[in-house]
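Every number here is computed from the coordinates shown, using simple stated rules; none is lab data. Quick caveat: nothing in here was measured; it's all calculated off a predicted structure. With ideal geometry, Cβ positions are generated from the backbone for all residues, glycine too; neighbour counts draw on all protein chains shown.
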């Protein structure tokens, strides 16, 4: 069953390779979606794919790459849209 999750990651998560790590893992798990930095210091990811793979990606976001310090992860489960064909890194959202 395919699902979609919007994930907001807080902590020291910018400038530590978080987005590129999410991209790499998502591609390996055959997930679609996007990841970007937010102006408030968080990282936002939209993840679409098979439920177990999306859940694995969300679990990884609770740790992040070795240079990150994750303090909070908020997950909003949404209806699957099939909006993305692959996983991409987007430009930062400035507001």
I'd like to know if segment 9-26 contains one or more residues that are crowded, with 17+ Cβ neighbours inside 10 Å, part of a strand (DSSP E or B) and out of contact with any strand residue (DSSP E or B) (no Cβ under 6 Å at 6 or more places or on another chain). no
Failed item, numbered, when residue 79 is tested on (1) surrounded by 17 or more Cβ atoms within 10 Å (Cβ to Cβ); (2) out of contact with any helix residue (DSSP H, G or I) (no Cβ under 6 Å at 6 or more places or on another chain): (1)
Filter segment 42-56 for residues that are touching a strand residue (DSSP E or B) at 6+ places or on another chain (Cβ under 7 Å) and under 15 Å from residue 21 (Cβ atoms); the one that is surrounded by the fewest Cβ atoms within 10 Å (Cβ to Cβ) is 44
Restricting to segment 57-74, give me the number of residues that are in contact with a strand residue (DSSP E or B) (Cβ under 7 Å, 6 or more places away or on another chain), loosely packed, with under 15 Cβ neighbours inside 10 Å and more than 11 Å from residue 16 (Cα to Cα). 5
Starting from segment 8-19, take each residue that is on the phi < 0 side of the Ramachandran plot and touching a residue at least 60 places away in the same chain (Cβ under 8 Å) and list its partners that are surrounded by fewer than 16 Cβ atoms within 10 Å (Cβ to Cβ) and not in a loop (DSSP other than H, G, I, E, B), counting only C-beta distances under 6 angstrom and pairs at least six apart or across chains. 8/74; 10/71; 10/72; 19/89
